[in-house]
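The values are calculated or read from the model by the stated rules, or taken from the named source; none is laboratory data. The model shown is predicted, which means the values in this text are computed figures rather than measured ones. Note that each Cβ is placed from the backbone with ideal geometry, even for glycine, and that neighbours are counted across all protein chains shown. Side chains are part of the model used for accessible areas, which takes the heavy atoms of the whole protein and leaves out ligands, DNA and RNA. Shrake-Rupley method; radii C 1.70, N 1.55, O 1.52, S 1.80 Å.
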Amino acid sequence: MKKIVFFFEVHQPRRIRYYKANERGKNHQYFWDDRNAEILNRVSDKCYIPATQMLIDSGIKASISISGVLLEALLRTRKDVVEKFAEYFEVGGGEIVAETYYHSLSSLWNESEFKEQVKMDSDLIKTLFNRTPTTLRNSELIYSNEIGRLAHEMGYKNIIAEGTDQLIKNHDPNYLYTNQYGQNLLLRNYRLSDDVSFRFSNHSWSEYPLYADKYAKWLADTPGDIINLFMDYETFGEHQWKETGIFEFMKALPKEVESRKMEFSTISEIGQSLKPRNTISVPNYTSWADTSRDLSAWLGNDMQMDAFEDLKSLSDCADKETWRYLQTTDHLYYMSLAGVADQEVHSYFNPYGSPYDAYIHFKNIIEDFRMKCSREKQSTASPYSLTTS
């Protein structure tokens, strides 16, 4: 029986505010918390609550990762969302997946920081949901052999990655694989995933409108053991509004899937029930972002690289929490100068109007934070020194 694997990323960043250069040295309030709370309430009402209830009512098993940054915000202002997720993991058959607490790029340059952030996320999951994740999803589905090594050293049995065009030339994404460390590796079927997350409400799409019976037929007609459908959770109700029919589509899907002798499974269930086809090596970093599906969505221009180097240079700052909030990938994503094919998506998410504005406000904050860290180091240094005559 073919398995349908839904994975959903649940994440909202702690956005930084408009921060002017003349505030440096005077104001250390970096985050746009009133706007963040407004967005969180909207997304909770439009997506998190109704989508999770839909999964419970429809009996759809899914694997879900929730960033620690988002869980913190939900615990402050929307505990009902945390409770709804807990209900799903308890009675709905859903699986919670670990990721980096701060949804960061730490895996690219700092092994100990990456492992610490994953542990923080896993510990919070254990506290809130009484679950110990066996699957790891790195931020933005970033993966390589090195990421597999780190995940293996942390004891994760399963890991997921993008089924890039380069990979699927030789490795059909509709089968289970392993990496060289023996972990189960699942590849995203990006075409079938994007049919729902990006094209569902596109009136100019040749397959519009997409109904559950048509989509289930596509799934059934696709050769392989599994269909990995990985997408943002905000697809349901936020990116694809309720008025598009996205909830009705999902509610109708289980019946259509069952009638074609398929079933929904979580990632960990796949790892336990299927035999890997073979071993895959991924020497270069891949991700699920943009048409290039590499690191360029965050590190593709001089502004982004400059900001990233600034973050790395502040790793010894005593204020670890603020430093880690500033690591969230979204801050760099807003600075992207992506090509025509991807710029619309970047612009949709960017709250600052342009990539240049995003960079300027981030850079102003970084410079103030650097001065603040320097003063803190000086204040903790010993006031005494040894002198010789």
Go through the chain and flag any cysteine with no other cysteine's C-beta closer than 4.7 Å, please. C47
Formal net charge of residues neighbouring G25 (Cβ-Cβ distance under 10 Å; K, R +1; D, E -1): +1
Regression test value, accessible area per residue of the stretch 155-246, probe 1.4 Å, units Å², expected 41 Å²
Ignoring ligands, DNA and RNA, what percent of the accessible area of the stretch 273-387 is carbon or sulfur (1.4 Å)? 55 percent
Could you look at the stretch 10-130 and say what percent of its accessible area is carbon and sulfur, using a 1.4 Å probe and all protein chains? 47 percent
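Looking only at the chain, where both bridge partners belong to it, what percent of the DSSP beta bridges are antiparallel (to the nearest 5)?
10 percent
Hey, with R₀ at 56 Å, roughly what FRET efficiency would E87 and Q378 work out to, going by the Cβ-Cβ distance, to 0.05?
So the FRET efficiency works out to roughly 0.65.
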With an 8 Å Cα cut-off and a minimum separation of 6 or more residues, compute the relative contact order for the chain in percent. 23 percent
Using the beta-carbon distance between R277 and R370 and R0 = 45 Å, what value does 1/(1 + (r/R0)^6) give for FRET efficiency, to the nearest 0.05? 0.35
DSSP beta bridges in the stretch 83-231 [antiparallel fraction, %, rounded to 5]: 20 percent
So I have [x] 20.3, 53; [y] 21.7, 91; [z] 20.3, 65, and one of them is Rg and Dmax of the Cα atoms in Å calculated from this model. Which one is it? [y]
Among the GluC sites (Glu not before Pro) in the stretch 239-328, which ones are in a DSSP loop with at most 14 other Cβ atoms within 10 Å of the Cβ? Mind listing them? none
For the chain, with a Gaussian network of springs between Cα atoms less than 10 Å apart, report the residue from L141, L210, L332 with the top mean-square fluctuation. L210
In deg cm²/dmol and to the nearest 500, what is the mean residue ellipticity at 222 nm of the chain if only DSSP H runs of at least 4 residues count, each as -39500 (n - 2.57), divided by the residue total? -13500 deg cm²/dmol
With every protein chain in place, the accessible area of W205 for a 1.4 Å probe, in Å² rounded to the nearest 10, comes to 40 Å²
